[in-house]
Structures are given as structure tokens and as C-alpha cells.
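Enquirer: Here you go, one structure.
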Amino acid sequence: MYIIKIGGNVIDHPDHLLAFLNRFAAIPDPKILVHGGGKLATRIGEQLGIVSQYIEGRRITDDATLDLVTMVYGGLVNKKLVASLQAVGCNAIGLTGADANIIPAVKRPVKEVDYGWAGDINIQNIHVTSLQVLLQAGIVPVMAPLTHDGKGHMLNTNADTIAASLAVALSQSYAVHLMYCFEKKGVLADLEDPESVIPVIHPQNFPELKKEGKLHSGIIPKIENALEAVSKGVQKVWIGDAADILKTIKQKGYGTYLQQI
């Protein structure tokens, strides 16, 4: 099965999004789509007088921001994706982690930074049974980047983290391939050279690549999460261009694979 995560580089561009959803719908295997929010939450927040605050690239989720992201991620973005998938013949259902109690989480503890209503996931607590029922019925889950604390509060949770956590949890029942779609053709050794894709990263060459400065600092956390997912049972993780997902599924040669040797 495939768990595919898309972010703002796809969501924020209608033509790219439509092309991606057609490719996604054509995947014959069981699949789950995990999406981020793109820039829409920030734009709508500005219209409502809610200023987005970030620390090290992570959104600070105060009460107003929690309402905003619940509305935008769990509502507007999620339901537009579902409606668009229905239009291309893919029977999808939009979900958050609160639906069917699929992804309970805990509010991130306050340490050096108070991230507010940010949610951290314990993979052992993910309830995969509901997802399996949907997948077996041929229904495609579309997961928004939201979880809940079991006490009535929604929580804002990073979409990459949700995708990796679901992949690990479902790897007990499926051969899971986790795919991260972003704006590059893969992990690049040289940001100025779009063809400098590193084809394979594994636990043995990752430290060397970092030491040699071949990995941009922004991609390192994604690689670390991907390698951790592989170590916990996910078959393979792929990072690359959304335009290449079908070609990648049919044959290698596109993007970057993260795997054990």
C-alpha cells in the first residue's frame, strides 16, 4: 500500500494539484493521502486578523490559530481534495485524527518553546482498524494534519509526522511505501543543480552525506524521520516530485529512496 504526503508546493497550485490527483487516483493499490495546509491558513488568518507565528519553521498554535487550522485544514483544504478526487473517479473520505479516534495525541510539553496546541503522536496509540475497514471497502482516506487529545481539544500536528506515523502503524498489516512529494526531483547534493539527485540514502551513508555538506539543513529532519520509519518496518520511503509518483511506482530511477541496505 502507499501513503503519499503532499504539501503546499502541490496544494497551492491548482494545475499541479489537479494533475497530481489524477495520478494519485490511477494508483491501483490501497492508498492514503496525507496533506498539509499550504499557504491558505496564513492567508485566511491574515483576513481574520490572526497573525501566524513560527519558531524554527513550526507554527505556534494558540487558541485562535487552532480554530483557524481546524477550519482550513480539516474543512476547506480537506473537503476540496475529497471533492476533486471524487471528480476523477477516486472514492475518498476526508478525515482528521479525531475521526474514529484514529490518531489520538498529546499536547506537546512546554520546554524551551511553548508551541501551544501542537500534538505529538505515540505510534502505539494509533487505531488502524478503522482505516483498514475503509481500505478494504475501496475507500481512500484523505488525512488532514490534525489530531486530538481525547479531552475535547483538536491538536495541530505536522503532516510529515502523521504520514510517517501512519506508515509505521500500518506496516504491521501491509507492505507500506511512504512517499513524500515536494518541489524538487529528490534530495539534491547541490541545491543549485536540479539534476544532482542522491538516488539512495541509508543509515550507513547518511552521516557521511551530512559531514560532506551535501544535505541542505531543511531536508535533514525529513530524512531522519524517513530513516526511522524504515527502521520500524516501513518497506521504503521515497522523496521526490509529485509529477513522478506513477513513474516511480512502475520503475525506479526517479527521486530519492530511503531504505536499509
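Enquirer: For region 128-154, which positions are among the aliphatic types (A, V, I, L, M) and in contact (Cβ under 8 Å) with a residue 60 or more places away in the chain?
Expert: Within region 128-154, the subset among the aliphatic types (A, V, I, L, M) is 128, 131, 133-135, 137, 139-140, 142-144, 146, 154.
Across region 128-154, the qualifying residues are Leu131, Leu135, Val140, Val142, Met143, Ala144, Leu146, Met154.
Enquirer: Would you pick out the residues in region 124-145 that are loosely packed, with under 14 Cβ neighbours inside 10 Å and either on the phi > 0 side of the Ramachandran plot or not hydrophobic (A, V, I, L, M, F, W, C) (or both)?
Expert: Gln124, Thr129, Gln136, Gly138
Enquirer: Right, another one. Could you check, for region 155-177, whether at least one of its residues is without any contact (Cβ under 8 Å) to a residue 12 or more places away in the chain and closer than 30 Å to Asn101 by Cα? Please lay out each step first, then the result.
Expert: Step one: of region 155-177, the residues without any contact (Cβ under 8 Å) to a residue 12 or more places away in the chain are none.
The answer is no; no qualifying residue exists.
Enquirer: Just for strands (runs of 3 or more DSSP E) wholly inside region 82-189: which have at least 2 residues that are closer than 22 Å to Asp67 by Cα? I'd like the intermediate steps shown before the answer.
Expert: Working: elements: 92-95, 105-107, 119-121, 140-143, 146-148, 154-156, 177-182.
Those strands (runs of 3 or more DSSP E) span 92-95, 105-107, 119-121, 140-143, 146-148, 154-156.
Enquirer: Condition first: assigned to a helix (DSSP H, G or I), among the aliphatic types (A, V, I, L, M) and out of contact with any helix residue (DSSP H, G or I) (no Cβ under 6 Å at 6 or more places or on another chain). Now tell me which residues in region 53-76 satisfy that.
Expert: Going residue by residue through region 53-76, those that are assigned to a helix (DSSP H, G or I) are 63-76.
Remaining after also requiring among the aliphatic types (A, V, I, L, M): 64, 66, 68-69, 71-72, 76.
Once the filter is applied, which keeps residues that are assigned to a helix (DSSP H, G or I), among the aliphatic types (A, V, I, L, M) and out of contact with any helix residue (DSSP H, G or I) (no Cβ under 6 Å at 6 or more places or on another chain), region 53-76 yields Ala64, Leu66, Met71, Leu76.
Enquirer: From (1) over 30 Å from Thr61 (Cα atoms); (2) free of Cβ contacts under 8 Å to residues at least 40 places away in the same chain; (3) not aliphatic (A, V, I, L, M), pick out the condition that doesn't hold for His216.
Expert: Of (1) over 30 Å from Thr61 (Cα atoms); (2) free of Cβ contacts under 8 Å to residues at least 40 places away in the same chain; (3) not aliphatic (A, V, I, L, M), only one is false for His216: (1).
No value in this document is a laboratory result; all are computed from the given coordinates. Computed from a predicted model, the values in this text were never measured in an experiment. Don't worry about glycine lacking a Cβ; one is built from the backbone with ideal geometry, like all the others, and counts go over all protein chains shown.
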